[in-house]
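Asks: Structure in structure tokens, see below.
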């Protein structure tokens, strides 16, 4: 019985994946438009996953975090083909800076998805 429980726990742990770091909205809410600099954002949030320049010459930082958890029902023989899938949470933060490196604006999105797999995905 102990090996069964240990095996089940191992399957659940194997079914987890994440990318990036969770976005701390408390820190983001401390930023001030027209005041906060790129360096202050980097110090608070760490390195962005992506940077770029808009056609207007503004620089932007992109931060993302994604976490997926495979549903336990995915591991049930036969039934997993009908009930399986993942629960996925995604956070995205994009911050724009003017040509002087001062924060102009930001957007934050948080998405939760129930992704189905197997026969149930159609």
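Asks: If I model a spin label as a point 7 Å beyond the Cα along the Cα-Cβ vector, how far apart are those points for residue 111 and residue 30 in nm?
Replies: With each label placed 7 Å out from Cα toward Cβ, I get 2.9 nm.
Asks: Same structure, new question: Please order 56, 40 by the number of other Cβ within 10 Å, starting at the fewest. Let's see the in-between values first.
Replies: Working: 56 9, 40 16.
So the residues, fewest neighbours to most, are 56, 40.
Read the figures in this text as sums done on the coordinates, not as results from a lab. Computed from a predicted model, the values in this text were never measured in an experiment. Cβ: placed from backbone, ideal geometry, glycine included. Neighbour counts: every protein chain shown.
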